[in-house]
Amino acid sequence: MSSVGIKGYSYCLNHVPELALHYGSTPFGEREAKGESDFLHGLPAAVQTWDKAASYAPNLTYIGAMDYFDFEAAETPWTENHLPEPKRFGKYGEIMPEPEFICLMAVCDVFDLIWLEKSFAEEAAAKLLKDPVLTEAIIARINGLHSHVHEISEIEAEISGKKARPLYHNGAVAGCVRSGHEVDDCLFPYVLLENLACKAGGVLALMHLIKNSGIAPADVDFVIECSEEGAGDMNQRAGGNFAKAIAETAGCVNASGCDIRGFCAGPVNAIVAGAAQVAAGVRKNCAVLAGGAVPKLYMNSRDHVKKSLPALEDCLGNFAVLLAPDDGTNPVIRLDSVGKHSVGAGAAPQAIMSALVYEPLAERGLSFADVDKFAAELQNPEITLPAGAGDVPAANIKMTAALAVMKKAIEKSGMDDFIKKRGVIGFAPTQGHIPSGVPFIGTACDAIRAGKMHRAMIIGKGSLFLARLTNLADGGSFMIEPPEHGGAAGAVTKDEIRAVILDILSEAQPQ
Amino acid sequence: MDLQNQQRIKDAADKFGTDCVVVLGSSDAEGAEIYAETVSNGDPTFAGPLAGVPLGLPVYHVFDPVIRAECDPKAWEEQISMMEMVLDTEKLAAAVKGIRDQYSKNVPA
C-alpha cells in the first residue's frame, strides 16, 4: 500500500475588483461587443470593497480565518451577515488587496511587461513589504521594482500607441501590461495579464505554503502547477511552464516543475501525479499549486447586477499543497484507491459518480459511511444560485447520497441525514480549477490531526468538452486519512538501521 | 442554450422538420423552460442562431413519462435512476410541457 503525507497547505484570495471590471470575460466581452452597455453601467454599483470581501464568511473560510465547521453553522445569507471586522490573514493564507497584488504581478514579471506609475508603485510596494510571508528572493525583487516604474505620460503613450492594457487603481490608470509581440496573439497584453496574475497568485500561495509547512524555499524539490491558463507563444500555445517560473520567483532554487491541465479536474490529477512521484521516491517535497483565472472574475455578474446583488466574483483563488513521504506524522493520501473517470465509463452523472465515489470505496472494501466528508466542486452557492447554475456542492452530495441508496449502503429515508452530515457547503470562488474539492484539504487535514475526522474524499470534475476536442467530461478523486502504523509510516529507514547497528557495535566494544 | 447547440438543433430541424424531437436533460426547471422555448419558439435571449426562429419542435424533458416509457429499463436503471432520486422530476417535466403546449407542433396525441 502506498501513501503520501500532506505536510502543508495554503489558500489565498486576491481581491481585484478593478481587474474584474475591465478583464473579467463577461464585462470584457460586453465592452468589446457593445461598448458601455446598461449592464456595464450597473456593474460598478455592485462592486464590493475589500472590507466587505474580507468579512464575508465564505472568503474567510477559504483562507482559514473562519473554521469550516463554524461556517457550516453561520447565519445565511452570508451577504447580509458579514463578520464584524475584516480579516486579512487566516491560518491558511490571506486576502490580498488589489494594489499589492498588482505590485506582486510586477514583481513576478521578468520581461518588462508591467509598467507602474511611480506613486502607486511606491505606496503598494511599501505595503507589500509588510507581508509576513515574503521570501528573501521576493523581497529582493520588490526592492528592485524601480525598473517597472514609469511616468504616467509614458504609460498612457504605451496604452494609446502600442495596445498596452491599462491597470487601474480607484478608477484611474495606475499602470499597464505591455504587448509581448507584434502579431502573436498568445503574447498580447490580455493573455500576458492573465498569465502574470496566475503566476503571482501561485507565488503567493507557495510562499504561504513554505511558511505553513515550516520549510525553507530550498527544501521544495518539485512544483506541479494545475491552473487553467495557457503560457506559451503561437508555436507552442500553452506550452508552459508556470510551475518553474513560480518556483524561481519564490526562491525555490532546488526545484524544477511542470504544469498539468485538466480543467477543473486538473488539481486532483496534479495531486495524484505529485503523490505518485513522492511515493516512488522521485521527489521529496512536491508542491502542487495554482494561481487564479482573471477571465472568470465577474463571470456571473450579469445576473448579479440584474438581481441587485453584490458582484461576489471579485477574488482570484490560489492554493498550494505540499506532498512529502509518509513518515507517520501527517495525514495521508492513499494511492491504492484513487477515483478515475475512464473513457468507457460513460457520461451520465450516475456513471461519473460511480467511478469517482463508489469504485474507490469498493476497491478497499469501504462503505459510504466510512467517509466523514465528501468534498466535490465547492463553488460558493451565493454566486451560482442567482445565475441559475444551482448549488453545485449540494447537487453533488445529493447525487452521492442517491448512489449510496442504489448501492444499498443507506435507506432512502436516510438521504437527508447523509447529505447534512457528509456534505460540504461551498465556500470557494468560482475560479474553475479552484473549487474542485481541493479547498477542503486544509480542513480535512486539520480535523484528522485533531482526531475529529477519519476520512475525507476530495473530488474534482472537469468540463473537457469546452475545448471542443471531446464531448467527454473528466474527474478524479482521492481519500485523505490518518497515517497508518506498520505501513510506509512505520517502515524503518536505512539510516535508522545503521544507527541501531552502530549503537550495538559501540556497546560491544571492550571497555 | 449555447450558440453551438442552437446551430446543431437548427441544422437538424432543417433536415427533419418537426419529425425531430428534442429531449432535454436540464436539472433546473427554469433552465429547462428556456431551452424548451429556444427550440420551439426561438431564442428568448435573442443571442443565437434561433433568435426569431420558431422551429416548433416537439420538446420533452427526459423525465416526462412519455420519454421514460420509451426507454430501455436496464439503461434507465444504469444511467438515470440516480438522478431521478435527486431531482424534482415532475416539476421538470411540467416546466417543459408548459412550453410544449404553447409552441410545439407535430406533438403526438
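The values are calculated or read from the model by the stated rules, or taken from the named source; none is laboratory data. Remember, it's a predicted structure, so these values are computed and weren't measured experimentally. So basically every Cβ, Gly included, is an ideal-geometry build from the backbone, and we count neighbours across all protein chains shown.
Residues to consider are A:129, A:192; find the one that is within 24 Å of residue A:292 (Cβ to Cβ), surrounded by fewer than 21 Cβ atoms within 10 Å (Cβ to Cβ) and of a type outside the set (Gly, Ala, Ser).
Answer to the selection: A:129.
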Those residues of region B:51-75 which are surrounded by 15 or more Cβ atoms within 10 Å (Cβ to Cβ) and within 14 Å of another protein chain (Cβ to nearest Cβ) amount to B:62, B:63
Return only the number of the condition from (1) touching a Phe, Trp or Tyr at 6+ places or on another chain (Cβ under 8 Å); (2) on the phi > 0 side of the Ramachandran plot that residue A:61 does not satisfy. (2)
So residue B:30, is it within 13 Å of another protein chain (Cβ to nearest Cβ), under 14 Å from the mean Cα position of the chain (by Cα) and either surrounded by fewer than 16 Cβ atoms within 10 Å (Cβ to Cβ) or not in a loop (DSSP other than H, G, I, E, B) (or both): yes
Consider residue A:364 carefully, then state whether it is over 22 Å from residue A:288 (Cα atoms), out of contact with any Leu (no Cβ under 6 Å at 6 or more places or on another chain) and among the basic types (Lys, Arg). yes
Tell me, please, whether a residue that is surrounded by 18 or more Cβ atoms within 10 Å (Cβ to Cβ), over 20 Å from residue A:65 (Cα atoms), touching a residue at least 60 places away in the same chain (Cβ under 8 Å) and among the small types (Gly, Ala, Ser) can be found in region A:101-111. yes
May I ask you to list the residues in region A:151-194 that are of a type in the set (Asp, Glu) and within 20 Å of residue A:18 (Cα to Cα)? A:156, A:158, A:194
Which of the residues belonging to region A:62-95 are in contact with an Asp or Glu (Cβ under 8 Å, 6 or more places away or on another chain) and outside any loop (DSSP other than H, G, I, E, B)? A:78, A:79, A:94
State yes or no: is residue A:94 of a type outside the set (A, V, I, L, M, F, W, C), modelled with pLDDT of 95 or more and buried (at least 16 other Cβ atoms within 10 Å of the Cβ)? yes
Looking at region A:70-88, which of the residues that are in contact (Cβ under 8 Å) with a residue 40 or more places away in the chain and not polar (S, T, N, Q) is surrounded by the fewest Cβ atoms within 10 Å (Cβ to Cβ)? A:77
Could you check region A:322-360 and list, in sequence order, the residues that are away from chain B (no Cβ under 14 Å) and in a helix (DSSP H, G or I)? A:343, A:359, A:360
Test: residue A:424 is touching a strand residue (DSSP E or B) at 6+ places or on another chain (Cβ under 8 Å), hydrophobic (A, V, I, L, M, F, W, C) and within 14 Å of chain B (Cβ to nearest Cβ): no
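Residue by residue, here is whether (1) of a type in the set (Lys, Arg); (2) buried (at least 24 other Cβ atoms within 10 Å of the Cβ) holds:
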residue	(1), (2)
A:225	no, yes
A:232	no, no
A:240	no, no
A:247	no, yes
A:252	no, yes
A:256	no, no
A:261	yes, no
A:287	no, yes
Is there any pair with a first residue in region A:380-396 that is within 11 Å of chain B (Cβ to nearest Cβ) and a second that is among the small types (Gly, Ala, Ser) whose Cβ atoms are under 6 Å apart and which are 6 or more apart or on different chains, and what are they? A:388/B:31; A:396/A:376
Expected single match for over 30 Å from residue A:25 (Cα atoms) and more than 14 Å from chain B (Cβ to nearest Cβ) among A:369, A:290 is A:369
Of the residues that make up region A:142-149, is at least one at pLDDT 95 or above and within 22 Å of residue A:212 (Cβ to Cβ)? yes
Provide a single number: the residues in region A:309-321 that are over 19 Å from residue A:436 (Cβ atoms) and either within 13 Å of chain B (Cβ to nearest Cβ) or crowded, with 24+ Cβ neighbours inside 10 Å (or both). 2
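Going residue by residue through region A:470-489, is there one that turns out to be touching a residue at least 40 places away in the same chain (Cβ under 8 Å), within 29 Å of residue A:296 (Cβ to Cβ) and β-branched (Val, Ile, Thr)?
Yes, there is a match, as at least one residue in region A:470-489 is touching a residue at least 40 places away in the same chain (Cβ under 8 Å), within 29 Å of residue A:296 (Cβ to Cβ) and β-branched (Val, Ile, Thr).
Listed here are the residues, each with its yes/no results for (1) of a type in the set (Lys, Arg); (2) more than 14 Å from chain B (Cβ to nearest Cβ).
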{"position": "A:413", "(1), (2)": "no, no"}
{"position": "A:428", "(1), (2)": "no, yes"}
{"position": "A:439", "(1), (2)": "no, yes"}
{"position": "A:442", "(1), (2)": "no, yes"}
{"position": "A:447", "(1), (2)": "no, yes"}
{"position": "A:455", "(1), (2)": "yes, yes"}
{"position": "A:466", "(1), (2)": "no, no"}
{"position": "A:478", "(1), (2)": "no, yes"}
{"position": "A:482", "(1), (2)": "no, yes"}
If a residue must be touching a helix residue (DSSP H, G or I) at 6+ places or on another chain (Cβ under 6 Å) and crowded, with 24+ Cβ neighbours inside 10 Å, how many such residues does region A:444-457 contain? 1
Could you figure out which of (1) within 14 Å of another protein chain (Cβ to nearest Cβ); (2) in contact (Cβ under 8 Å) with a residue 24 or more places away in the chain; (3) over 30 Å from residue A:403 (Cα atoms) isn't true of residue B:8? (2)
Subset tally (residues that are in a loop (DSSP other than H, G, I, E, B) and either in contact with a Lys or Arg (Cβ under 9 Å, 6 or more places away or on another chain) or over 12 Å from residue A:7 (Cβ atoms) (or both)) for region A:284-297: 5
Going through A:22, A:41 one at a time, which residue ends up being at negative phi, assigned to a helix (DSSP H, G or I) and over 23 Å from the mean Cα position of the chain (by Cα)? A:41
